[in-house]
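Colleague: Dropping the structure in here first, questions after.
The values are calculated or read from the model by the stated rules, or taken from the named source; none is laboratory data. Note that the coordinates shown come from a computational prediction; the quantities given were computed from them, not determined experimentally. Heads up, the Cβs are rebuilt from the backbone with ideal geometry, glycines too, and the neighbour counts pull from every protein chain shown.
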Amino acid sequence: MATDAQIRPEIPLASRRSKRLLAPWWHTAILIAVLLLASVNGMRGKHRLAAESKVPQYLWSMAWEWVLAGFVWLGTRKRMRLRDLIGGRWATAEDFFLDVVYAGAFWICALIVLGAGAKLMHLDQAGKIEAMRKQLGFLTPGSNLELAVWFGVSLTAGFCEEIIFRGYLQRQFAAMSNSMLLGVLLSAVVFGAAHGYEGAARMVLIGIYGLMFGLLAWWRKSLRAGMMAHAWHDALSGTVLRMLE
């Protein structure tokens with residue numbers, strides 16, 4: 001008499017893997033292509049919307065981030081809720097404060113790692129720091145109004161970019177490769193490559209930063225702490241650059 005295992009046809013590996021994907025492969029390919037094209041556009045300096053005020057640029061950046069996050073949601077909504085993509089929600093106040101502590105500890109570690117990386121790459125030299133300030137001048141808040149809007153940009157980046165890169169791409173790559181570690185590495189590479197406006201050298205540092213965010217999300221099985229650290233890092237970076245103006 002045939003057993004259930006003998007009767008049930010073997011499901012091909014490719015088919016089983018496709019069922020684990022968060023979205024169809026072509027959805028991922030489109031997203032990566034759009035991210036890289038936008039990065040190349042940023043490397044060419046095509047990012048200024050107004051010479052008088054940076055507010056239009058900030059508003060455009062926020063809208064762009066939400067469009068990309070919306071595209072991720074459209075691709076994943078049939079297989080996963082947005083809440084699950086983030087890693088659930090806080091059940092208690094203790095859960096919230098625990099994520100705050102993890103975010104703070106992660107941010108301090110990230111600053112140490114990025115500082116060491118910048119030193120090894122000689123990015124901490126006076127000439128290169130000044131070159132970086134000029135290159136990122138289109139993002140530096142030049143007034144209190146621009147700084148206030150910059151905080152909105154930072155919150156948007158913390159939420160949307162963590163969903164795009166760690167919530168979606170990292171897990172999608174992991175499903176495609178059947179390796180979570182490879183998913184972390186590949187999403188970090190795309191994260192670095194997506195920041196062309198920062199310049200080639202800093203793209204490497206940003207890739208390392210993305211790798212750390214990926215490891216945090218993998219360990220915590222949630223994006224919440226990473227979202228906090230990402231948002232306040234960007235907010236503080238803008239504040240410091242504003243003070244140096």
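Colleague: Filter region 216-225 down to the residues that are surrounded by fewer than 18 Cβ atoms within 10 Å (Cβ to Cβ) and touching a helix residue (DSSP H, G or I) at 6+ places or on another chain (Cβ under 7 Å) and list them by number.
Modeller: Within region 216-225, 218, 220 meet the criteria.
Colleague: Output the residue which, of all residues in region 230-245 that are more than 20 Å from residue 208 (Cβ to Cβ) and either of a type in the set (D, E, K, R) or touching a strand residue (DSSP E or B) at 6+ places or on another chain (Cβ under 7 Å) (or both), is modelled with the highest pLDDT.
Modeller: If we take residues in region 230-245 being more than 20 Å from residue 208 (Cβ to Cβ) and either of a type in the set (D, E, K, R) or touching a strand residue (DSSP E or B) at 6+ places or on another chain (Cβ under 7 Å) (or both), then 242 is modelled with the highest pLDDT.
Colleague: Hey, can you tell me all the residues within region 74-124 that are without any contact (Cβ under 8 Å) to a residue 40 or more places away in the chain and of a type in the set (Val, Ile, Thr)?
Modeller: Result: 92, 101, 108, 112.
Colleague: Please go through region 37-65 and pick out each residue that is at pLDDT below 95, closer than 30 Å to residue 80 by Cα and either surrounded by 16 or more Cβ atoms within 10 Å (Cβ to Cβ) or within 17 Å of the chain's Cα centre (by Cα) (or both).
Modeller: Selection gives 37, 38, 39, 61.
Colleague: State the number of residues belonging to region 159-206 that are touching a helix residue (DSSP H, G or I) at 6+ places or on another chain (Cβ under 8 Å), among the polar types (S, T, N, Q) and surrounded by fewer than 19 Cβ atoms within 10 Å (Cβ to Cβ).
Modeller: Qualifying residue count for the region: 2.
Colleague: Determine which single condition residue 152 fails, assuming it passes every other condition in (1) of a type outside the set (Val, Ile, Thr); (2) at pLDDT below 90; (3) over 23 Å from residue 215 (Cα atoms); (4) under 18 Å from the mean Cα position of the chain (by Cα).
Modeller: (2)
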